[in-house]
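Note sheet for the following structure.
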Amino acid sequence: MPSTFRAFGESDVDGLNRLLQVYTQAYPPRTSPPAQFYLSPYFDGGRKIWCAFDEQDQLVGYAPYLPQGDHAWVEVMAVPELERAAEIKASMWAWLVEQARRGGQRRLCFQYYPNEEAAIQFAVEQGGEYHYSIFAMRRDLSLPIPEPIVPAGFAVRRGRMEKEAEQRQYLERRNACFPEA
């Protein structure tokens, strides 16, 4: 059994980046955000990420929890081919279920590519059922891109937020649009 489980912290960024790199190499075209993303407010500064560490304090698994209304987007990941992956995943799963119970989420949602067979099997073993897929758009960028239709009263223009006041204004407007974040 791994030596510890704990919430994700700044000192764990390199370890999670290594885990994500190993996992994405094992399951192309899988991609993951950089580990630093999990320190964001979306994940309560890392407190909504549960990590597993082995006896040498190496990060060997993680489970992010992102609540949205009555459901939460979750992941249960361990180093591919890890001998004790089932035990690690079971412990992280229990943590996710407890988070959902506390937060009032009735549904846990996973997103996997078809080649992530072990991850899909784990989700099914926990009672998961396939409901729908989320699709990623691919486009041949050598073809012309149509001009967007801009609604009346709006303008689209290039800009850079170089001044702190501009950045703060952007964040205020963005947060007004997405108050749950």
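Quick notes on this structure:
- For the chain, modelled as a GNM whose springs connect Cα atoms under 10 angstrom apart, the maximal fluctuation among Ile49, Ile149, Ile120 occurs at Ile149.
- Relative contact order of region 17-93, defined on C-alpha pairs under 8 angstrom at six or more residues apart (%): 24
- When the chain is treated as a GNM with alpha-carbon contacts under 10 Å, the residue of Phe37, Phe122, Phe154 showing the greatest mean-square fluctuation is Phe154.
- Per-residue surface analysis assigns Tyr113 an accessible area of about 80 Å², computed on protein heavy atoms at 1.4 Å probe radius.
- Structure remark: mean-square fluctuation, Gaussian network model of the chain, C-alpha springs under 10 Å; the largest value among Leu16, Leu96, Leu143 belongs to Leu143.
- Between the alpha-carbon centres of region 1-35 and region 111-181 there is a gap of 22 Å.
- With Cα atoms, 0 to 90° folded angle of helix 13-26 axis to the chain main axis: 90
- The label point for Asp14 and the one for Arg101, both projected 7 Å from the Cα toward the Cβ, are 3.8 nm apart.
- Theoretical FRET efficiency, 1/(1+(r/R0)^6), r = Cβ-Cβ of Ala155 and Arg84, R0 45 Å, to 0.05: 0.20
- Unit charges on C-beta of K, R, D, E only; dipole of region 104-181, Debye: 460
- Trypsin sites (Lys or Arg not before Pro) restricted to region 108-176 and DSSP loop, no more than 16 other C-beta within 10 Å: Arg138, Arg139, Arg157, Arg158, Arg160, Lys163
- In region 80-154, Rg over Rh equals 1.20, where Rg is the alpha-carbon radius of gyration and Rh the Kirkwood radius from pairwise Cα distances.
- For Gln169 and Gln121, a Förster radius of 41 Å and the Cβ-Cβ distance give a FRET efficiency of 0.30, rounded to the nearest 0.05.
- Global size of the chain: 19.4, 61 Å for Rg and Dmax (C-alpha atoms, Rg to one decimal, Dmax whole).
The values are calculated or read from the model by the stated rules, or taken from the named source; none is laboratory data. What you are looking at is a predicted structure, and each value in this text was computed from that prediction instead of being measured. Note that each Cβ is placed from the backbone with ideal geometry, even for glycine, and that neighbours are counted across all protein chains shown. Just the protein is used for accessible areas: all its heavy atoms, side chains included, with ligands, DNA and RNA removed. Shrake-Rupley method; radii C 1.70, N 1.55, O 1.52, S 1.80 Å.
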